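The values are calculated or read from the model by the stated rules, or taken from the named source; none is laboratory data. Computed from a predicted model, the values in this text were never measured in an experiment. Cβ coordinates were reconstructed from backbone atoms using ideal geometry, including for glycine residues, and neighbour counts include every protein chain displayed. Areas reflect the complete protein model, heavy atoms only, side chains present, ligands, DNA and RNA absent. Shrake-Rupley method; radii C 1.70, N 1.55, O 1.52, S 1.80 Å.
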Amino acid sequence: MPGAAGEPSPGHPARPCDRAHNLLDLIGGYMPAFLIKAALRLDIPDRLGDSAMTGAELAAATQTHRPSLTRTLRALAAIDVLSEVEPDRFRLTPRGQLLRPGVPGSLWRHAQIMLDQTMWRAWPELEHSVRTGKRAFDEVVGTDYFSHTGYDEDPANRSGLWDLIHQIMIEDTRSAAEAVLRSYDFARFSTVVDVAGGSGTLVAAVLAAHPAQRGIVFDRPEGIENTPGALARAGVADRCEVRTGDFLVDVPEGGDLYLIKSAIFNLHEDGDVRTLLRNVRRVVPDHGRLLVIEEILPARVGAPTPAATYLDDVNTMVNLGGRLRTEDEHRALLADAGFTTVAITALPEGRHVYHSVLEAAPRAAASTASTMPT
């Protein structure tokens, strides 16, 4: 019996025709993506909800050409987004349900972003990034991704796409925060500084769990626009300062635990990473700690790291300008900045991302016991 995604089972080698079909699935990989994009634009997942509808009913609801829509619905059923429960009658599968906003585990926001032309239009120029080491997006569009989607704009002028990106970042951080709190002992620290902390989601979760602690959220002015409100909703605003600045220039003093989540991922140049880490090293006390929360690539490709992680890495090369790094690369960057890596702990999978926590100590204090669980 074949394994997942059409792969042969152990002991049953792939036949040449199986390999060809699997390769053709990859070559035509854009087709399922655009099927899903069309389904979202026609609002098919929400129209179906928990019910089943015929092709004729959906064609009338979407004002589309019935034969063409039926062919599209059957293709969506073939990729397990829909199920044809009886001839010409369709309902959402469990996978398809995730394309609805507001359902548990929804990927609706992710789909809206990944299927928007701002994300995929530069991919045909991947070769440009491979040859030059520069973002293809800038070459195609004429500016960088975040400026194009409105990150640096006045909030009143931002696109709806940026709101989706912002919400995904909050959800990702909230999920990671829950896992980090279960995996790390924060109790011995008095002041937590979240560098590039954005909405303050991570430090808010830490302070909420430790009522005696204080915190600082540090980010660029456009990054902390919504932070005071988020801290107030978490009930920690009276214990958390919000400061603005550029972490490539300096970071705030006064903390004994510094957090950096997903900021290193966004820095393509190792020189910028070193600058950030050295800025933290200058202010962290000898008894303090630095926690780096990132996706980490293994030394070589293979399980359990999913293919999506590597595709995400290439997507940053094409569109965003960042990069994922291996454990050894992180250790080397931390060492160069004056830290010793005390522990690396892989967190349970969060919202579709595999994070790890790197605990680092100032080199002079590296002999102090780790606060990661053993």
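Brief remarks follow.
- The number of residues in segment 272-312 that are open to solvent by 10 Å² or more (accessible area, probe 1.4 Å), assigned to a helix (DSSP H, G or I), at pLDDT 95 or above and not β-branched (Val, Ile, Thr) comes to 5.
- Segment 39-71: number of residues that are open to solvent by 40 Å² or more (accessible area, probe 1.4 Å) and within 19 Å of Leu98 (Cβ to Cβ): 7
- Scanning segment 171-182 for residues being surrounded by 17 or more Cβ atoms within 10 Å (Cβ to Cβ) and either hydrophobic (A, V, I, L, M, F, W, C) or more than 20 Å from the chain's Cα centre (by Cα) (or both) gives a total of 4.
- Filter pass, Phe189 being at pLDDT 90 or above, of a type in the set (A, V, I, L, M, F, W, C), farther than 21 Å from Ser262 by Cα and open to solvent by less than 30 Å² (accessible area, probe 1.4 Å): yes
- Per-region count, segment 192-232, residues in contact with a Cys (Cβ under 8 Å, 6 or more places away or on another chain) and over 13 Å from Leu257 (Cβ atoms): 4
- Segment 165-203: number of residues that are over 29 Å from Met119 (Cβ atoms) and of a type in the set (Gly, Ala, Ser): 3
- Restricting attention to segment 322-336, the residues that are open to solvent by less than 10 Å² (accessible area, probe 1.4 Å) and in a loop (DSSP other than H, G, I, E, B) add up to 2.
- Residues of segment 72-106 that turn out to be open to solvent by 50 Å² or more (accessible area, probe 1.4 Å), farther than 14 Å from Ala39 by Cα and part of a loop (DSSP other than H, G, I, E, B), as a count: 3
- Of all residues in segment 11-57, those satisfying the criterion of being part of a helix (DSSP H, G or I), among the small types (Gly, Ala, Ser) and within 28 Å of Met114 (Cβ to Cβ) are Ala20, Ala33, Ala38, Ala39, Gly55.
- Which listed residue is touching a residue at least 60 places away in the same chain (Cβ under 8 Å) and within 16 Å of Arg41 (Cα to Cα), from Ala122, Ala111: Ala111
- Leading residue by the ranking (nearest to Ala204 (Cα to Cα)) among those in segment 248-264 that are open to solvent by less than 20 Å² (accessible area, probe 1.4 Å) and of a type in the set (A, V, I, L, M, F, W, C): Leu259
- Test: residue in segment 228-247 that is open to solvent by less than 30 Å² (accessible area, probe 1.4 Å), outside any helix (DSSP H, G or I) and of a type in the set (A, V, I, L, M): yes
- Only listed residue being touching a helix residue (DSSP H, G or I) at 6+ places or on another chain (Cβ under 7 Å) and among the acidic types (Asp, Glu), chosen from Glu253, Glu241: Glu253
- Residue in segment 140-160 that is assigned to a helix (DSSP H, G or I), of a type in the set (D, E, K, R) and either out of contact with any Cys (no Cβ under 8 Å at 6 or more places or on another chain) or surrounded by 17 or more Cβ atoms within 10 Å (Cβ to Cβ) (or both) present: no
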